[in-house]
Amino acid sequence: MSSIARDIFFAFALCLFIGGCKDATPKCTAQNFPRISTPADLWKEFSGEKAFEHVRAQVALGPRPSGSATIEKARTHITDTLKASGWQVERQEFEDTPVPGKGALRFVNLIARFSATAVQPVSANTQRAIVCSHYDTKRMTGINFVGANDGASSTGALLELARVLATTPQFAEYFELVFFDGEEAVDKFSEPLDGPDGLVGSRHYARALRESGRSKQFQLAVLWDMIGDKDLTVTLPNDTPPQLSSALFAAGEKLGTRKHLGAYSDPILDDHVPLQIIARIPAMDIIDFDYEPWHTSGDTLDKLSPDSLRIIGQLTLSMLTQELGK
């Protein structure tokens, strides 16, 4: 993951950007979204152990930077797992040049949609909520960076969410699950609207949503990033839409896991930002940024806990059923 909290200049710049554009970050207000029937106790089906096994599979591949042969192996695992649960997977492939003068890289976002009637291709008009993660790891010279928490934890949890949602096909149709490539900067992060470095996949996806008009069909988006730490403390950034933060805290009270939820005083530059400022979808970043091994060789499987993945998965699913059922 990446954060402008680690860089004062970018923190200040993003605050100015968002604050200076009155309509840049959409307010999470009631819109004309019809109420849908939601399975109240579906959250109980989310398994931290099953999610952890997918995390383990990603980590076992080794470093997975954008444009590498290894990240294609990660895509194969993700795609095969989604298809086994009945999801149709779109490969959103494109080229971009994160560092001018250093050549283009090939990026692939994986977008999963579900049909309750197994119709192919799956309609792209039923989805109301986006849940997303990045699956690439930072390219680090001389370091065996496997990104157990930063990349693999959220990817594994999203695959488990796909399994759980597929058990209620009518409800699954309301979700778009997105695995972003290119979250990590090749060199250093640029501003989120135009880049070019960092958030490459989410920026491309958000632009496609806006240009197609599909962004208007989404009620909300949830990004997961770095959610597997044994010492779990969610640090919601200060650009979180109030309705979504309130909903997450309410879910925490309901499930008895409120102690794991906190707030971060600054914005965090992550894949939710293009969804906010380009696609104009109310989007939140569920992230634990208080993680000492961030972007080091110490970000390994032993630092993670299946229970943390369970907590985040169940919290999010409880929140989503509540929000979509309003």
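Readers should treat all values here as calculations from the given coordinates under stated rules, not as data from a laboratory. This is a predicted model, so every value here is computed, not measured. We place every Cβ from the backbone using ideal geometry, glycine too, and count neighbours over all the protein chains shown.
Can you tell me which lysines have their Cα less than 20 Å from the Cα of Lys138? Leave out same-chain residues fewer than eight positions away.
Lys138 reaches Lys73, Lys102, Lys188, Lys303.
State log₁₀ I(q)/I(0) for the range 226-279 at q = 0.16, 0.29, 0.30 Å⁻¹ as given by the Debye formula over alpha-carbon point scatterers of equal weight, solvent excluded.
The calculated log intensity ratios at q = 0.16, 0.29, 0.30 Å⁻¹ are -0.54, -1.23, -1.25.
Show me the trypsin sites (Lys or Arg not before Pro) within the range 31-86 that DSSP assigns to loop and that have at most 10 other Cβ atoms within 10 Å of their Cβ. Could you put the intermediate results ahead of the total?
Values: sites: Arg35, Lys44, Lys50, Arg56, Lys73, Arg75, Lys83; in loops: Arg35.
The qualifying sites are Arg35.
Name the residue from Ala51, Val273, Leu244 whose Cα lies farthest towards the positive end of the charge dipole of the chain, charges +1 on Cβ of Lys and Arg and -1 on Cβ of Asp and Glu.
Of Ala51, Val273, Leu244, it is Leu244.
Under a 5 Å amide H to amide H cut-off, with H placed in plane at 1.01 Å, what residues pair with Asp197 once short-range neighbours are removed?
Distant-sequence amide H within range of Asp197: Ser190.
Using each residue's phi in the range 316-326, evaluate 6.51 cos²θ - 1.76 cosθ + 1.60 at θ = phi - 60° and report the 3J(HN,Hα) Karplus result to the nearest Hz, with x for Gly and Pro.
5, 5, 5, 4, 5, 5, 5, 5, 6, x, 6
Add +1 for every Lys or Arg and -1 for every Asp or Glu among the other residues with Cβ under 12 Å from the Cβ of Thr97, and state the total.
Values: positive: Lys102, Arg106; negative: Glu95, Asp96, Asp187, Asp197.
Its environment carries a net charge of -2.
Magnitude of the Cβ-charge dipole of the chain, K/R +1 and D/E -1, about the Cα centre, nearest 20 debye?
Details: 33 positive and 41 negative charges, 176 e Å.
I would put it at about 840 debye.
Rank Ser153, Tyr264, Phe171 by how far each Cα sits towards the positive end of the charge dipole of the range 4-324 (+1 on Lys, Arg Cβ; -1 on Asp, Glu Cβ) and give me just the farthest.
The Cα lying farthest towards the positive end belongs to Phe171.
For the range 176-185, just list the computed ³J(HN,Hα) in residue order, Karplus coefficients 6.51, -1.76 and 1.60, θ = phi - 60°, integers in Hz, with x standing in for Gly and Pro.
10, 9, 10, 10, 8, 8, x, 5, 6, 6
Any idea what the dipole of the range 225-273 comes to, in debye rounded to 20, about its Cα centre with Lys/Arg Cβ at +1 and Asp/Glu Cβ at -1? Write out the running numbers ahead of the final one.
Numbers: 4 positive and 8 negative charges, 76 e Å.
With Lys and Arg at +1 and Asp and Glu at -1, about 360 debye.
Arrange the following residues from fewest to most other Cβ atoms within 10 Å of their Cβ: Val99, Val200, Val131. Present the calculation step by step, with values, prior to reporting the outcome.
On the way: Val99 14, Val200 30, Val131 24.
Ascending number of Cβ neighbours within 10 Å: Val99, Val131, Val200.
I'd like the Karplus ³J(HN,Hα) series for the range 213-219: coefficients 6.51, -1.76, 1.60, θ = phi - 60°, whole numbers in Hz, and an x wherever there's a Gly or Pro.
x, 5, 4, 5, 7, 9, 7
How do 310-319, 113-122, 230-239 rank on mean C-beta neighbours within 10 Å, highest first? Before the final figure, lay out the partial values.
Numbers: 310-319: 23.6, 113-122: 14.7, 230-239: 18.5.
Top of the packing list down: 310-319, 230-239, 113-122.
Positive end of the dipole of the chain, charges at C-beta (+1 Lys, Arg; -1 Asp, Glu), about the Cα centre: which of Ser115, Thr300, Gly201 has its Cα farthest in that direction?
Toward the positive end, the furthest listed residue is Ser115.
For the chain, modelled as a Gaussian network with Cα springs under 10 Å, which listed residue fluctuates most, Ile286, Ile36, Ile277?
Among Ile286, Ile36, Ile277, the largest mean-square fluctuation in the Gaussian network model of the chain belongs to Ile36.
Under a Cβ-only charge scheme (Lys and Arg +1, Asp and Glu -1), can you give me the dipole magnitude of the range 192-308 about the Cα centre, in debye to the nearest 20?
Working: 11 positive and 18 negative charges, 151 e Å.
It works out to roughly 720 debye.
Can you give the relative contact order of the range 4-324 as a percent, counting alpha carbon pairs under 8 Å and 6+ residues apart? Before the final figure, lay out each step's value.
Details: 668 pairs, mean separation 81.0, N = 321.
For the range 4-324, the relative contact order is 25 percent.
If you average the alpha carbon positions of the range 292-326 and of the range 94-120, how far apart do those two centres end up, in angstrom?
So the separation of the two Cα centres works out to 24 Å.
Pick from Ser133, Ser245, Ser212: which is most flexible by mean-square fluctuation in a GNM of the chain where alpha carbon atoms under 10 Å apart are linked?
Ser212
Using the Cβ atoms and a cut-off under 13 Å, what net charge is assigned to the surroundings of Ser85, where Lys and Arg are +1 and Asp and Glu are -1? Walk me through the numbers before you get to the answer.
Values: positive: Lys50, Lys83, Arg113, Arg163; negative: Glu45, Asp80, Glu160.
Result for the neighbourhood of Ser85: +1.
Note the listed values (i) 17.9, 52; (ii) 25.2, 76; (iii) 23.7, 73, then indicate which one is Rg and Dmax of the Cα atoms in Å calculated from this particular structure.
The value computed from this structure is option (i).
If you add up the charges near Ser318, with Lys and Arg at +1 and Asp and Glu at -1, over every other residue whose beta carbon is less than 11 angstrom from its beta carbon, what do you get? Mind dumping the intermediate values first?
On the way: positive: Lys44, Lys254; negative: Asp41, Glu253, Glu323.
Taking every other residue near Ser318 into account, the sum is -1.
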